[in-house]
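These notes concern the structure reproduced below.
The values are calculated or read from the model by the stated rules, or taken from the named source; none is laboratory data. Model, not experiment: these values are computed from the prediction. Ideal geometry is used to build each Cβ from the backbone, glycine not excepted, and the neighbour counts take in all protein chains shown. The accessibility values were calculated without ligands, DNA or RNA, using every heavy atom of the protein model including side chains. Shrake-Rupley method; radii C 1.70, N 1.55, O 1.52, S 1.80 Å.
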Amino acid sequence: PTRRSSDLLKIKYKKTVLVVDDTAFYRVLLLDLITELGHDVYTVEDGETALKLLLEHPKGIDLILLDIQMPRKNGYKVLQEIQEQQLKSEGHPKILILTGEPCGALEIKAARKLGADGFICKTDPPDYTLTRIKRELFGS
């Protein structure tokens, strides 16, 4: 996994975000956007690595941005394992699904049942994506 800590001034409520996406472009884009906010970011390219990282740092991740369509282990399987291994408790960490495809009601219901807190479309403008991330991290 790649980890980047923000070199910006230390913010009072610094958080750690895990970006899980098999597309390097989105990993780098989200890494840059989130570190500009002053937060630490881990990036991984598959679900297997994400689960290993979560097991190593069970309380150290505040938000997961999780792609659905990935090789080896897709986002739904990652959500299922997070639930089975009880890696999410009392709503922590928050999980936002990343998708490049329009989601239908069945996909949204399935992801929410497995513990997803919301969705971000990869085609959304960066400012909207940052607003969603801030909302999940700080509730505002």
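Considering the stretch 23-41, the residues that are without any contact (Cβ under 8 Å) to a residue 40 or more places away in the chain and over 22 Å from ILE68 (Cα atoms) include one that is most open to solvent (accessible area, probe 1.4 Å), namely GLU36. I'd like to check something: does the stretch 106-123 contain any residue that is open to solvent by 50 Å² or more (accessible area, probe 1.4 Å), touching a helix residue (DSSP H, G or I) at 6+ places or on another chain (Cβ under 8 Å), modelled with pLDDT of 90 or more and closer than 21 Å to THR43 by Cβ? Taking every residue of the stretch 106-123 in turn, none turns out to be open to solvent by 50 Å² or more (accessible area, probe 1.4 Å), touching a helix residue (DSSP H, G or I) at 6+ places or on another chain (Cβ under 8 Å), modelled with pLDDT of 90 or more and closer than 21 Å to THR43 by Cβ.
Do we find a residue being out of contact with any His (no Cβ under 9 Å at 6 or more places or on another chain) and touching a residue at least 40 places away in the same chain (Cβ under 8 Å) anywhere in the stretch 113-121? Among the residues of the stretch 113-121, at least one is out of contact with any His (no Cβ under 9 Å at 6 or more places or on another chain) and touching a residue at least 40 places away in the same chain (Cβ under 8 Å), which makes the answer yes. Scanning the stretch 51-103 for residues that are under 26 Å from GLY139 (Cβ atoms) and of a type in the set (Lys, Arg) turns up LYS59, LYS88, LYS94. Regarding the stretch 80-89, can at least one residue be identified that is out of contact with any Lys or Arg (no Cβ under 6 Å at 6 or more places or on another chain), at pLDDT 90 or above, over 20 Å from ALA111 (Cα atoms) and exposed (fewer than 15 other Cβ atoms within 10 Å of the Cβ)? The answer is no; no qualifying residue exists.
For ASP117, the conditions (1) within 12 Å of the chain's Cα centre (by Cα); (2) closer than 19 Å to ARG27 by Cα are fulfilled apart from (2).
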